[in-house]
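A short worksheet on the structure shown next.
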C-alpha cells in the first residue's frame, strides 16, 4: 500500500514539473479592482537581475472580458533600473475590425500575452521595476480583469 502511494506521488510530481515552462524567469498578474482600470492606477512589478549575460523577452499579460469596448489599448510603460529610467508606449491591437478577439477567448474572458520587449540584456545587476499605466483617452477603462508581466529567458 505504501509503495503504491509513493509511486502515485512520484508520477504526479513528474507530471506537474514537466508542464512548467523552464524559460519563465518572472511571472505575476495583478487583479484590477472592480475590473475598472483608472489612469491614475499604476500597476507595478519588481524583480532582481543577477545575470548580465542572459537576454530576456517581456510580455504584457492583459485579461479583459468580451465586453471590453475597444479594439486596442494604449499602455505607458516605465522600466526603472538601478541607474536609469526608460519610458515607452505600447499600443496592442486586441480585436480585428470585425470584432473577433485576437487573444485566447474562454467564455467571457479574453487573455492576451503581448510581446513588447525582445532580447533585452541588462547591463547591471540589481533591483528593477516595471510600471504599467493605461493611456487611453477615457479616464477609466471597464472590463479589465487583470494586468500582468511575464519575463522569459530569450532563446539563443
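Key figures for this structure:
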item	result
Of residues in region 33-60 being surrounded by 15 or more Cβ atoms within 10 Å (Cβ to Cβ) and not in a strand (DSSP E or B), the one farthest from the chain's Cα centre (by Cα)	39
Tally, over region 62-100, of residues that are within 20 Å of residue 149 (Cβ to Cβ), free of Cβ contacts under 8 Å to residues at least 60 places away in the same chain and touching a strand residue (DSSP E or B) at 6+ places or on another chain (Cβ under 7 Å)	18
All positions within region 10-32 that are exposed (fewer than 10 other Cβ atoms within 10 Å of the Cβ) and either modelled with pLDDT of 95 or more or in contact with a helix residue (DSSP H, G or I) (Cβ under 6 Å, 6 or more places away or on another chain) (or both)	none
Tally, over region 101-118, of residues that are touching a residue at least 12 places away in the same chain (Cβ under 8 Å) and within 16 Å of the chain's Cα centre (by Cα)	11
Among residues of region 121-147, those that are outside any strand (DSSP E or B), surrounded by fewer than 18 Cβ atoms within 10 Å (Cβ to Cβ) and in contact (Cβ under 8 Å) with a residue 12 or more places away in the chain, counted	6
Filter result for the condition that a residue is in a loop (DSSP other than H, G, I, E, B), more than 16 Å from the chain's Cα centre (by Cα) and either over 25 Å from residue 130 (Cα atoms) or modelled with pLDDT of 95 or more (or both), over 83, 98	98
Selected residue (only one of 150, 64, 118 is surrounded by fewer than 14 Cβ atoms within 10 Å (Cβ to Cβ), in a strand (DSSP E or B) and at pLDDT 95 or above)	118
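The values are calculated or read from the model by the stated rules, or taken from the named source; none is laboratory data. Treat the numbers as computed from the prediction; the structure is a model and nothing was measured. Methodologically, a virtual Cβ is constructed for each residue, glycine included, from the backbone with ideal geometry; neighbour enumeration extends over all protein chains shown.
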